[in-house]
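Scroll down for the structure; my scribbles are underneath it.
The values are calculated or read from the model by the stated rules, or taken from the named source; none is laboratory data. Please read all numbers here as calculations on a predicted model, not as lab measurements. Cβ atoms come from the backbone with ideal geometry, glycine included; neighbour counts cover every protein chain shown.
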Amino acid sequence: MDFEVGAILAGKITGITKFGAFVTVAPGKSGLVHISEIASTYVNDVREHLAEGQEVMVKVIGVDQSGRMNLSIKAAVSEPPAVPRRQPHPKNQEPASEPSFEDKLKRFMQDSDNKMSSLKQYSDKKGARRRGR
């Protein structure tokens, strides 16, 4: 029995390795679920997500020339709903007004003057030490 790419099948986990899990989908026919295809989140240890003997739904994502199947659990389950971003409460939110170019320039000049004056003070002290004062 050949399985085509895109087919969603029920299977049973028959073996777990550090790089994935082997799933039997029909008598004598099994495939590998790579660790990257187990969950939509990062999987550090396959055993934290799967157990031998567990029934799972898998999607065939590839079949090589030898007939070995590449399977995916995360592709077989529907995508989790997108979590909406939390919006700040309108009461606590101040109107976001973009500073004008002149305001930005004024701020830059103040910062620049402060930095230059501190550098000048440092270099004056350093120069005074070298001249033997």
When you scan segment 23-36, how many residues do you find that are within 12 Å of MET69 (Cβ to Cβ) and out of contact with any Lys or Arg (no Cβ under 6 Å at 6 or more places or on another chain)?
9
Test GLU55 against the criterion of being under 25 Å from the mean Cα position of the chain (by Cα) and at pLDDT 90 or above, and give yes or no.
no
For segment 36-61, give me each residue that is part of a helix (DSSP H, G or I) and buried (at least 18 other Cβ atoms within 10 Å of the Cβ).
GLU37, VAL46
